[in-house]
Amino acid sequence: MLNLETSSVHTANPLADSGNPLVESNDPFGASRLPLYNNATFEYASSDMLAKVSKNMAFGYVYTRSSNPTVHAYEDRIRGMSGAMGVIATTSGMSAIVLAALSLLKSGDRLVSTGKVFGHTLGFFAQTLAGFGIEAVLIDIEDENALKSALSDSRVKMLFFETLNNPWLQIVDLRKVCSLAHEYGVPVVADCTLTPFAFFNAKKFGIDVEIISSTKIISGGSGGLGGLVLDYGTFDWSKHSNLKDTFKKSGKWAFLYKARKEILVYLGLIAAPYNAHMHISGLETLTLRANKACQNALAIAEFLESRSIPTNYVALRSSPYFALCQEQLNGQGGCILTFKLGSKERAYAFMDALQIIKIATNIYDTKTLIISPSDVIYPNTPIAEQEALGITADMLRLSVGIENVEDLIADIKVALQKADSV
Ligand SMILES: *Cc1c(COP(=O)(O)O)cnc(C)c1O
């Protein structure tokens, strides 16, 4: 396998037939990058050839809802970077979660998840899946007894969590949690959006299916929606009650087969070719941007802490997750930190005084962005419930970008003076 900086710019595309991963393209014009195939359908000179392709007896494309060369090239690039057995690119991070869940669960089943996950994920589990008879058992994943007792229910067909969750910034002890799930025969599906390939290897720690919202850092900065589902080939799908039959015809590909040939196609979840093309560009600078943003985030967290502002960032020595950050994230704390300014009024005066840092809700963008989680992530949740979730009105979430860090700290210094004058 190539090193990450190399595999993120070179991977075979489906038109390159030499088998050499460094051959980028056999485009008729020698385009150094696979052109964008933004078409819906593909023509064939003979009816026999279209029939063969439709029956998987020859390689080709038929209709973009099933597969498309640009999306395929993007998936191959991700496969080369991650070491996954197979990859499916979807319209959004949410549709990646829907795709994985509906490939593993049916009515009467249960999934186990932490309650502290992305709000729309929680809504999909607790409202939408519940309506189809699939129950989400929400637990505190750091409570080993609660996890064991939830997993011991034979109706449980999937464990879900985020490797680093937003805005709490907890790191799951992966070896412990994944091995426990495997003891109970439950596959581990983890949303790794906040721990990109640049500093995190999901397979090494026992994650079976990795979910990523590529809308975030992969897109290269607010470059359209996208999602990814990666199967590392580590779970024995013959032992999963809903995939046993699929396993008989497709073996270790059972999960990917059901996901791609059934759920992806029937629900129309495949990534838009235009977005896949954009996200290939993003991948080429992923490691550079991720490393720079993490360095910036650490410098800002250290600066805030030096001003005695309570700051939550997993690469800080004061974080309870410092050791797990070293062990699992190669010492990189990611792009998000939160801090508390003492009152909502001070927090708002601070945000409104910022010049370079923008008030916007995206994360892992090239630009540094700030919000109040209390008002923006939980606008309809009563304050008492927010506090139970660990969210307070004086808390701000900063998603750090790739700007010059001295400019960012200068912006923060001026805004802190404004907050102090409230
Ligand atoms: C943004 C996000 C999602 C949803 O992704 P979309 O691409 O917006 O659908 C899911 N999980 C996490 C952790 C996210 O940050």
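The values are calculated or read from the model by the stated rules, or taken from the named source; none is laboratory data. Keep in mind it's a predicted model, so treat the numbers as computed, not measured. Using ideal geometry, Cβ is built from the backbone for each residue, glycine included, and neighbour counts are taken over all protein chains shown. For the accessible areas, the whole protein counts, side chains as well, though only heavy atoms, and no ligand, DNA or RNA atoms are used. Shrake-Rupley method; radii C 1.70, N 1.55, O 1.52, S 1.80 Å.
Would you call E262 within 30 Å of E5 (Cβ to Cβ), at pLDDT 95 or above, of a type in the set (D, E, K, R) and open to solvent by 40 Å² or more (accessible area, probe 1.4 Å)? Here the answer is no, as E262 does not meet what is asked.
For the range 76-98, the tally of residues that are among the acidic types (D, E) and either buried (at least 22 other Cβ atoms within 10 Å of the Cβ) or without any contact (Cβ under 8 Å) to a residue 24 or more places away in the chain (or both) stands at 0.
For N145, the criteria (1) outside any helix (DSSP H, G or I); (2) without any contact (Cβ under 8 Å) to a residue 12 or more places away in the chain hold in every case but one, which is (1).
Please determine whether any residue of the range 208-220 is surrounded by fewer than 20 Cβ atoms within 10 Å (Cβ to Cβ) and either free of Cβ contacts under 8 Å to residues at least 12 places away in the same chain or more than 12 Å from the ligand (Cβ to nearest atom) (or both). Give the steps one after another, and end with the answer.
We begin by selecting, within the range 208-220, every residue surrounded by fewer than 20 Cβ atoms within 10 Å (Cβ to Cβ); these are none.
Taking every residue of the range 208-220 in turn, none turns out to be surrounded by fewer than 20 Cβ atoms within 10 Å (Cβ to Cβ) and either free of Cβ contacts under 8 Å to residues at least 12 places away in the same chain or more than 12 Å from the ligand (Cβ to nearest atom) (or both).
A count restricted to the range 38-75 and to residues that are among the acidic types (D, E) and surrounded by 13 or more Cβ atoms within 10 Å (Cβ to Cβ) stands at 1.
Taking the criterion of being more than 26 Å from V172 (Cβ to Cβ) and free of Cβ contacts under 8 Å to residues at least 40 places away in the same chain, would at least one residue in the range 326-343 satisfy it?
Within the range 326-343, the subset more than 26 Å from V172 (Cβ to Cβ) is 341-343.
Next, from what is left, pick out any that are free of Cβ contacts under 8 Å to residues at least 40 places away in the same chain: none.
Within the range 326-343, not a single residue is more than 26 Å from V172 (Cβ to Cβ) and free of Cβ contacts under 8 Å to residues at least 40 places away in the same chain.
When the test is whether a residue is more than 16 Å from the ligand (Cβ to nearest atom), on the phi < 0 side of the Ramachandran plot, of a type in the set (G, A, S) and part of a loop (DSSP other than H, G, I, E, B), S103 does not pass it.
Selection of the range 391-409 for residues being part of a loop (DSSP other than H, G, I, E, B) and either open to solvent by 40 Å² or more (accessible area, probe 1.4 Å) or aliphatic (A, V, I, L, M) (or both) yields I391, A393, V400, I402, E403, N404.
Going by the conditions given, is S250 free of Cβ contacts under 8 Å to residues at least 60 places away in the same chain, among the hydroxyl-bearing types (S, T, Y) and over 15 Å from V112 (Cα atoms)?
Numbers: free of Cβ contacts under 8 Å to residues at least 60 places away in the same chain: yes; among the hydroxyl-bearing types (S, T, Y): yes; over 15 Å from V112 (Cα atoms): yes.
In short, yes.
Taking the range 61-100 as the search range and keeping residues that are under 14 Å from the mean Cα position of the chain (by Cα) and among the small types (G, A, S), which one is farthest from the ligand (Cβ to nearest atom)? So the residue we want is S82.
Suppose we filter A130, A101 for residues that are at pLDDT 95 or above, of a type in the set (A, V, I, L, M, F, W, C) and open to solvent by less than 30 Å² (accessible area, probe 1.4 Å); which single one remains? Show your work before the answer.
Working: A130 fails: open to solvent by less than 30 Å² (accessible area, probe 1.4 Å).
Residue meeting the stated conditions: A101.
Taking the criterion of being closer than 28 Å to S7 by Cα and either assigned to a helix (DSSP H, G or I) or at pLDDT 90 or above (or both), the residues of the range 18-57 that qualify are L36, Y37, N38, N39.
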